[in-house]
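This report refers to the structure that appears directly beneath it.
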Amino acid sequence: MISLSFRTLLFACLVAGSSAAAQTGDRPVAGQIIGETAGARVALPLLRSDYRVEIDGDLADVTVTQVFANPHVVAMSAEYLFPLNRQAAIHAMKMTVGDEVIRETIRKKSESEETFETAEAEGKAAALLTQHRPNMFTQRVANLMPGVPVTVELSYVQPVPRIDGAYELVVPLLVGPRYQSAPEPAEDNFAVLHTDAAGWEMSALPDYPPVAGLDLPDEIAPERVGLDLRLTSAVPVLSLSSATHDLAISEDGNSQRAAFADGRVIDNRDLVVRYILGGDTVTAGALTHRDARGGFLSLLIEPPAAPEAVPSTPREVVFVLDTSGSMDGEPIAASKRFMAAALDGLREGDYFRILSFSDATSQFAGDALPATPANLRRGSRYVRALRAGGGTELDAALAAAFATRPPGDALRLVVFLTDGYIGDEASVLERIRRDIGQARIYAFGVGTSVNRYLLDGMADEGRGYARYVDPGKDAGEIAEQLAADLRTPLLTDIAIDWGDLKVTEVTPARIPDLFAGNQLRVLARYEGDSGALRVNGQVAGHRASLPVTVAPAGDDGGTGEAIALIWARGRIADHERALAVRAGNATAHEEAITRLGLDFGLQSRFTSFVAVSEQVMNPTGAAQQASVALPQGVGVPATAYPGFSGSSTPEPQAFLGLIVLGALTAVRLHRRRRAC
């Protein structure tokens, strides 16, 4: 018998769950992973992921292997939400069913979906890769048969950027929850994908999956991610490390290898690997590649040495702090330490404003205040009193940040602190491009699985930079270091004189400013042979210029086709950004993305990889979504309520998460007592 107190608690949980399910397509509050296949209730299939990473200098070649296995006695299907790096150029997919190897086909998205659904209805094993954002994908696998594992292998290449003096490779392991604002009426509704007179509108996010740890069946191993990383370079590797995961590092000839120290890990935080190469003194250089599709050029630029005396320009620093429910705990604590150091680091003659946002936006003061000791003390008290709770309505906070004019001739720096669990990327980026003016945006992500596509995009639009704080050990120290280093760019207003080279389709379309310790990669199509170009810009108000020699066509420095693939991925990103901010003709952007995806064999919003077995495995099947892990440092309320990933309701409050967690705990205790 179940006790009366347990029944009461379970009833309260079910009441809350029924309300939520009504708004999320009958999905229970806690994202339970129990479904039906052939009339039977079953748990999700086992999922393992392995990452093989080959880094050569500043280019990475990555293979992701996902293994789906059905531990039940009935056939079923799976849908798995997972992330990849936003710069990943996915160029291959392979599916293995038992002993059968099926190569992928790249097609228009609608054609791939039709092929997959036909195969699913016919009982054939099939896999379909769909992109929802540049860093968010779903892998659908149809007709998983008991005892027959299905392996899906994805391959992509990406550049490894140099950030603050070290190369930084980010391997996202988890899609964090994405808060979606309530849809606006008529043409401003972002819930569907279509083109109209108002411009392009982004597709709705997929429903957020179940959360491992809250509802993971006993058959599923939590340590489901493996790593095999090899770093090779023509110059010495001075260091290789990760602040996010413990790595076992060994030398292998002229390369270094790394794996997770514990063998395998749970995918509840992104992997970040940083390395430093010796003998790297090149200020700028160009590589070229030529194949049947034409010539491609990659230009790498580093900033000049910082001048000894830089004029001290007055600044207006506008701090915009995320205080939504998902920031509760370690994230908001790290944000407060950041703010303490940032306010302490303001210079004489600076001005500042402080805004906080959740469901609504509040301000410390309506206008910018001089950075006097008295004003800074008042600002510190305001920050210390902030508490987390509510939704993540960033657009209103952006409007407030840009609503006033900077005092005098001060340079406006807008500093965002957020965990980035926001799904309205299009409206955010559109607002910034429209209102940014001459301001700079510095975006600081606080969390273990931050939406880097959003924050990097904010920094790109604001000609600033994005940095990330892991709210674990030493998070306070890292936050203080970042806050004390709100730098201005060294090289601004960058323009390239291509000389006699015939250059087209340059990416990025908007060349950002360049900061100390960073690099900038510019890619383009080109015609011609060897030649010279010149990089022009401004350094502390003075004109600067650097000549660069272009190698003969075909001299790709061993990078081969990667240059062409990264160029094509960059052009796709430019068109996607234009769609997001509603710039130009939407139909032309869609056609350009589709053409690039098909010509270069790349996954995109409008092209998808699909693989279909020739064997009929099962005449019927049922879709079942695979769970994701709870992001480390994020509480249950951040995922246990609608408002994320396409839902239009506010972010959860703590009591609902406690009810759900309490009910789950009670269920487990009851089962243990019965077993005893």
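So the values come out like this:
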item: Residue that is modelled with pLDDT under 90, aromatic (Phe, Trp, Tyr) and either open to solvent by 60 Å² or more (accessible area, probe 1.4 Å) or closer than 30 Å to Tyr167 by Cα (or both), where the choices are Phe68, Phe82, Phe6; result: Phe82
item: Asp460 being farther than 18 Å from Thr361 by Cα, in a helix (DSSP H, G or I), touching a strand residue (DSSP E or B) at 6+ places or on another chain (Cβ under 7 Å) and of a type in the set (D, E, K, R); result: no
item: Hits in the stretch 365-393 - residues which are among the hydroxyl-bearing types (Ser, Thr, Tyr), in a helix (DSSP H, G or I) and without any contact (Cβ under 8 Å) to a residue 40 or more places away in the chain; result: Tyr382
item: Matching entry among Gly420, Gly445, Gly472 (being touching a helix residue (DSSP H, G or I) at 6+ places or on another chain (Cβ under 9 Å), crowded, with 22+ Cβ neighbours inside 10 Å, assigned to a loop (DSSP other than H, G, I, E, B) and modelled with pLDDT under 90); result: Gly420
item: Of all residues in the stretch 580-618 being touching a strand residue (DSSP E or B) at 6+ places or on another chain (Cβ under 7 Å) and among the charged types (D, E, K, R), the one that is farthest from Glu79 (Cα to Cα); result: Arg582
item: Residues of the stretch 585-604 satisfying the condition of being touching a Ser or Thr at 6+ places or on another chain (Cβ under 8 Å), open to solvent by less than 50 Å² (accessible area, probe 1.4 Å) and in contact (Cβ under 8 Å) with a residue 24 or more places away in the chain; result: Ala586, Thr594, Leu596, Gly597, Ser604
item: Residue list for the stretch 360-406, restricted to those being more than 31 Å from the chain's Cα centre (by Cα) and charged (D, E, K, R); result: Asp367, Arg377, Arg378, Arg381, Arg405
item: Test: Ala396 is surrounded by fewer than 23 Cβ atoms within 10 Å (Cβ to Cβ) and either part of a loop (DSSP other than H, G, I, E, B) or not acidic (Asp, Glu) (or both); result: yes
item: Any hit, the stretch 30-46, residues being at pLDDT 90 or above, of a type in the set (Val, Ile, Thr) and open to solvent by 50 Å² or more (accessible area, probe 1.4 Å); result: no
item: Test: residue in the stretch 477-488 that is more than 21 Å from the chain's Cα centre (by Cα) and closer than 26 Å to Ala583 by Cα; result: no
item: Residues of the stretch 456-469 classified as among the aliphatic types (A, V, I, L, M), at pLDDT 85 or above and buried (at least 24 other Cβ atoms within 10 Å of the Cβ), total; result: 1
item: Meets criteria (modelled with pLDDT of 85 or more, on the phi < 0 side of the Ramachandran plot and touching a strand residue (DSSP E or B) at 6+ places or on another chain (Cβ under 7 Å)) for Leu144; result: no
item: So Leu343, is it in a helix (DSSP H, G or I) and not charged (D, E, K, R); result: yes
item: Test: residue in the stretch 103-111 that is closer than 20 Å to Met76 by Cβ and either out of contact with any Asp or Glu (no Cβ under 8 Å at 6 or more places or on another chain) or open to solvent by 10 Å² or more (accessible area, probe 1.4 Å) (or both); result: no
item: Residue match in the stretch 550-571 (condition: open to solvent by 30 Å² or more (accessible area, probe 1.4 Å), part of a helix (DSSP H, G or I) and in contact (Cβ under 8 Å) with a residue 24 or more places away in the chain); result: yes
item: Test: residue in the stretch 305-323 that is modelled with pLDDT under 85, closer than 30 Å to Ala371 by Cβ, of a type in the set (D, E, K, R) and touching a helix residue (DSSP H, G or I) at 6+ places or on another chain (Cβ under 9 Å); result: no
item: Failed item, numbered, when Glu201 is tested on (1) farther than 24 Å from Asp470 by Cα; (2) modelled with pLDDT under 55; (3) open to solvent by 40 Å² or more (accessible area, probe 1.4 Å); (4) not hydrophobic (A, V, I, L, M, F, W, C); result: (3)
item: Residue in the stretch 79-87 that is farther than 25 Å from Asp599 by Cβ and out of contact with any Phe, Trp or Tyr (no Cβ under 9 Å at 6 or more places or on another chain) present; result: yes
item: Positions within the stretch 515-525 being within 15 Å of Gly285 (Cβ to Cβ) and open to solvent by less than 20 Å² (accessible area, probe 1.4 Å), in sequence order; result: Leu520, Val522, Leu523, Ala524
item: Check on Val415, assigned to a helix (DSSP H, G or I) and either under 20 Å from Val175 (Cα atoms) or open to solvent by less than 10 Å² (accessible area, probe 1.4 Å) (or both); result: no
item: Residue list for the stretch 127-141, restricted to those being at pLDDT 90 or above and under 20 Å from Val74 (Cα atoms); result: Ala127
item: Residues being closer than 16 Å to Val53 by Cα, among the charged types (D, E, K, R) and without any contact (Cβ under 8 Å) to a residue 40 or more places away in the chain - total across the stretch 239-269; result: 3
item: Residue ID - surrounded by the fewest Cβ atoms within 10 Å (Cβ to Cβ), chosen from residues in the stretch 160-173 that are part of a loop (DSSP other than H, G, I, E, B) and either touching an Asp or Glu at 6+ places or on another chain (Cβ under 8 Å) or hydroxyl-bearing (Ser, Thr, Tyr) (or both); result: Pro161
item: So Pro512, is it touching a residue at least 40 places away in the same chain (Cβ under 8 Å) and either in contact with a Gly (Cβ under 9 Å, 6 or more places away or on another chain) or more than 23 Å from Met136 (Cα to Cα) (or both); result: yes
item: Some residue of the stretch 343-359 being surrounded by fewer than 19 Cβ atoms within 10 Å (Cβ to Cβ) and within 25 Å of the chain's Cα centre (by Cα); result: yes
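Each row is one residue, and each column tells you yes or no for (1) among the aromatic types (Phe, Trp, Tyr); (2) surrounded by 19 or more Cβ atoms within 10 Å (Cβ to Cβ); (3) over 30 Å from Ala495 (Cβ atoms).
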{"residue": "Leu229", "(1), (2), (3)": "no, yes, yes"}
{"residue": "Ser241", "(1), (2), (3)": "no, no, yes"}
{"residue": "Asn268", "(1), (2), (3)": "no, yes, yes"}
{"residue": "Gly295", "(1), (2), (3)": "no, yes, no"}
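The values are calculated or read from the model by the stated rules, or taken from the named source; none is laboratory data. All figures in this text were calculated on a predicted structure; none of them were measured in a lab. So basically every Cβ, Gly included, is an ideal-geometry build from the backbone, and we count neighbours across all protein chains shown. The protein model used for the area step is the full one, side chains on, heavy atoms only, and it has no ligands, DNA or RNA in it. Shrake-Rupley method; radii C 1.70, N 1.55, O 1.52, S 1.80 Å.
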